[in-house]
Amino acid sequence: MTLKKNILALRQKKAIVEKGGGDKAIEKQVAMGKMTARERILALLDAGSFHEYDLFVEHEEQNFGMASKELPGDGVITGTGTINGAPICIYAQDFTVMGGSLGLKHARKITKIMDHALKMKVPCIGINDSGGARIQEGIGALAGYGEIFYRNTMASGVIPQISVILGPCAGGAVYSPALTDFVFVVENISKMFITGPNVIETVLGEKISQEDLGGARVHAEITGNAHFYALSEMECLDQIKDLVSLIPHSNQQKAARIEPKKPKNKKNIENIIPSDPKQPYDVREVIFALSDDSKFLEVQELWAPNIVIGFGRLDGETVAFVANQPMYLAGVLDCDASDKAARFIRFCDAFNIPIITLEDMPGYLPGVDQEHAGVIRHGAKMLYAYSEATVPKITVILRKAYGGGYIAMNSRHLGADFMFAWPGAEIAVMGPEGAANIIFRKEIMEAEDEDAMRQQKVQEYIEKFANPYVAASKGYIDAVIEPLETRELLLHALDVSKNKDDHRPAKKHGVPPF
Amino acid sequence: MKKEAPEYVDFAVTARKYKTLLTKKYLNRKVWVDPNPFEIQSFIPGTILQISVKEGEVVEEGAPLLILEAMKMQNRIEMPFTAKIKKINVAIGERIPKDTLMIELEAVE
């Protein structure tokens, strides 16, 4: 009988805490168009798989009237569960409890579940919805943030870390997401900034709305802080499920293999790329033509769209694609594109995901703004990331590969394992027009008809050098292949690379230019 | 991004022009303007606390021009070289954005 009574008491106790900030606060949360922290967790995880810990943790602050304040769960829900059967650790800040503000105990619940994730080698997902530091707790709140950042860093490259921004995430709080691998944002709901509109207006006199300063779209398109952008919370949760199914649970594993499906034959791969190197196309069509079931999960779709990155599958195994996108800025490399690709390459290398590079690029973006923004420093990140990576690295040159870009896009010289080129590839030190102007300057200037001579010399250069055979004759390209052979060759190359064993000199860590 | 009907523009990378789309960020980039030494611009947004010169006055290099308060710092703006004050475009108490043309100078014969 006593046990029964105790069980009933436990259920009652749990029911109270599980209500979070109570009905009124929940109503407010719903009125803002937001789900509650608990609803989010339950919607993301497999039905019935969520198990909560530290439900009865309480804060210990005595100052500023906090002694009498009860904060259910201290404003954060933590636990474990599964996504499509894969175990994960998760926490969700509860905005209905004192605005989801972060106090020391709140932070310690988070660091505890992070430690657990790192020990158990499972992904850690954090749902952020918090007004920021709990000011009443003063330095305790700051200590809490710092302890989270430290664990984010320790776990980096060991387990995948995912941040979901479903509310405000301001001040110091933004740095935990920034340290994690993937940040998800939702239109009208996510807000991220270091200093908010009020401070900016007081100090600098600049007026700006929260949305324009650090809304979802801004981080997905302008800053590059966000990796996935959704129009609703449900769409966002679906994106997370897709991603989790594609990546391994830790750096000691490979992503789960699924039953392979052939690409849907939407478009003949031979017809996607215009033969005129000046004409654009959507390189994602090539990815769709190559990947299993024509599926591709693009990362950072809106930011630096001149390079495309993301995950697909080949023969059921996860692979990463890095592709120049001629549809935007002619597919040039610039500061943002280099930054975007470099971090992605490092993620893939840390988590055993082979990298397939599809190359069609005219060079680096010229401009004072680029030079002054540090395109040298940013561009170097990409060279570093490719050179450093020891996962299988395969490049297919689809069309143009000019100059520094040829080197940067996983060339043989940076350690590519397989270099393929389509027969229309132009691998040269620069575009034919530019090269002819320099090499044949004298002939062109001395000719009676300069334009005709220039045209003739450009044509000569194209015939002699703007092709894959010069590079192939030196062994820099392993094989010139027909577009229709590409998928089979990629499957084969990955098969051959299965036991790739590549080592780097022993070191504490490198010093990449970031 | 998927729905927009592509209207490709000419985009020059070295000697060749490519048909492509431009990004918002590229279109909004700051175009470089050669700095004019006769124009004193604000390097930070802030408030004018004090103006120490008058229009028409010849001022020695290094002399204080004005105080621009920003981020709780009183920044003393000095004369970059000896010249005449041609025009003062700001007033005491005025709050100005970054890159505001505060004072125009004129060479002295």
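Each value in this text was obtained by applying a stated rule to the coordinates, not by laboratory testing. Bear in mind that the values here come from a model prediction, so they are computed numbers and not experimental data. Positions of Cβ are generated from backbone atoms using ideal geometry, with glycine treated the same way; all protein chains shown enter the neighbour counts.
Size of the dipole of chain A about the Cα centre, Lys and Arg at +1 and Asp and Glu at -1 on the beta carbon, nothing else charged, in debye to 20?
It works out to roughly 2100 debye.
Which entries in the list A:Lys262/A:Lys295; A:Lys121/A:Lys508; A:Lys34/A:Lys191; A:Lys69/A:Lys105 go over 18 Å, if you measure between the two C-alpha atoms of each?
Over 18 Å Cα-Cα: A:Lys121/A:Lys508.
Rounded to the nearest 5, what % of the DSSP beta bridges within the protein assembly as shown are antiparallel ones?
Values: 49 of 90 bridges.
So the antiparallel bridges in the protein assembly as shown amount to around 55 percent.
In Å³ and rounded to a whole number, note down the convex hull volume per residue for the Cα atoms of chain A.
Per-residue hull volume (Cα only) is 185 Å³.
What is the distance in Å between the Cα centroid of region A:210-252 and that of region B:61-109?
Their Cα centres are 45 Å away from one another.
On a C-alpha basis, how far is the centre of region A:430-474 from the centre of region A:1-50 in Å? Whole number, if you could?
72
Quickly estimate the mean residue ellipticity at 222 nm for the protein assembly as shown, helices only: each DSSP H run with n ≥ 4 gives -39500 (n - 2.57), and the total goes over all residues, rounded to 500.
-9500 deg cm²/dmol
Of A:Cys348, B:Thr14, A:Gly65, which is farthest along the charge dipole of the protein assembly as shown in the positive direction, counting Lys and Arg as +1 and Asp and Glu as -1 at C-beta?
Towards the positive end, the residue furthest out is A:Gly65.
If I model a spin label as a point 7 Å beyond the Cα along the Cα-Cβ vector, how far apart are those points for A:Tyr175 and A:Asp276 in nm?
Taking the simple label geometry, A:Tyr175 and A:Asp276 are separated by 5.2 nm.
Could you give the size of the charge dipole of region B:39-106 about its Cα centre, using +1 on the Cβ of each K and R and -1 on the Cβ of each D and E, expressed in debye and rounded to the nearest 20?
Computed about the Cα centre, the dipole is about 240 debye.
How far is the Cα center of region A:138-176 from the Cα center of region A:340-374, in Å?
26
If you plug each phi of region A:130-136 into the Karplus form 6.51 cos²θ - 1.76 cosθ + 1.60 with θ = phi - 60°, what whole-Hz ³J(HN,Hα) values come out, in order, with x for Gly and Pro?
Karplus-based 3J(HN,Hα) across region A:130-136 equals 8, x, x, 5, 7, 4, 4 Hz.
Give me the percent of Cα-Cα pairs in chain B that sit more than 20 Å apart, rounded to a whole number.
Roughly 55 percent, rounded to a whole number.
Most exposed first by the Cβ proxy, i.e. fewest other Cβ within 10 Å, how do A:Met98, A:Met192 rank?
By the 10 Å Cβ count, ascending, the order reads A:Met98, A:Met192.
Going by how many other Cβ atoms sit within 10 Å of their own, how do B:Thr47, A:Thr96, B:Thr82 line up, fewest first?
By the 10 Å Cβ count, ascending: B:Thr82, B:Thr47, A:Thr96.
What is the dipole size for region A:221-287, taken about its Cα centre, with +1 at each Lys and Arg Cβ and -1 at each Asp and Glu Cβ, in debye to the nearest 20?
So the magnitude is around 420 debye.
Determine, for A:Phe296, A:Phe193, A:Phe56, the number of other Cβ atoms within 10 Å of each Cβ, and report the residues in order from fewest to most.
A:Phe56, A:Phe296, A:Phe193
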